[in-house]
């Protein structure tokens, strides 16, 4: 065990009250990693609060430990851990009134060292993969409920093992978690295939907005679309996965209006030579070579113009 791992283990073992948090608009890896770590800490005798600024999306309420998630922290903590979050701002209001995290556990290539101890492994396919590797070293036992959460993180961040960074090692991790007791087929269906009626209506609005030009395919979801469908989340309900499956494009983009003056952007690089993290960094966002995001201020039309122009420039350089 290296020096950093020993320090993390020591901090975890010494703590009694632990706060676990992740980024706003949490995805499957953020949620699965938060719940997996929290359940393991509870099993180890810790008092744990899982605090996500936007709460738990309805589509993940089937996961073991889902009832632990809250939107505000209460009390004092010996230890604050952030998982799957690349910078302090992306935690949102979850840490309002509290210090920055003591431990960062992440896999984004753009992650800032905003904790006291920073465990960042960009080669890992998901933060859940980092946890699956190291939790036993920290004295934390992976049980069947914990394995279910870890598999959810692995499945969702690899888009069902379709991303180019999926490795034999990550598939062996999944096999090991299945041996512990996680039901891969059911977890895959719930996280990647199943959609609610409301989500399908929301997707319909986004798909009707599809456009394609200059090697880019993009779609838009407005505040009006969200209201009309009845969708309560602030994300795209994973519509980006559909947009990124369209032929004859190098980059897929999803624009999701957050307020009248802010828009969330998701990029997906569809060809090996494209690095969309370089685009997101221009807008103070972050992520991976093949998947990145940012949130921009300005009207939806203004944001689209700026983002499409910057994306075209990156594409021109990559050819």
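Read-outs throughout are calculated quantities, based only on the coordinates presented, and are distinct from any laboratory measurement. Keep in mind that what you see is a predicted model, and the values were worked out from it rather than measured. Note that each Cβ is placed from the backbone with ideal geometry, even for glycine, and that neighbours are counted across all protein chains shown.
Figures for the structure shown
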{"item": "Correct option for Rg and Dmax of the Cα atoms in Å [calculated from the coordinates] among (1) 21.4, 84; (2) 19.2, 60; (3) 19.0, 56", "result": "(3)"}
{"item": "FRET efficiency, residue 209 to residue 67 (Cβ-Cβ, R0 35 Å, nearest 0.05)", "result": "0.45"}
{"item": "Point-to-point label distance, residue 260-residue 93, nm (Cα→Cβ direction, 7 Å offset)", "result": "2.0"}
{"item": "Convex hull per residue volume in Å³, alpha carbons only, for the range 1-65", "result": "94"}
{"item": "Inverse mean reciprocal Cα-Cα distance (Kirkwood Rh) of the range 224-279, Å", "result": "12.6"}
{"item": "Cα-based Rg / Dmax (Å) for the range 3-193", "result": "14.9, 43"}
{"item": "Over the range 31-74: Kirkwood hydrodynamic radius from C-alpha pairwise inverse distances, Å", "result": "10.6"}
{"item": "Principal axes of the range 92-202: Cα extent on each, largest first, Å", "result": "39, 37, 28"}
{"item": "The range 197-318: Cα Rg divided by the 2.2 N^0.38 Å rule of thumb", "result": "0.98"}
{"item": "Cβ-derived FRET efficiency at R0 30 Å, residue 16 paired with residue 167, nearest 0.05", "result": "0.20"}
{"item": "The range 173-197-the range 254-319 distance, computed between alpha-carbon centres (Å)", "result": "30"}
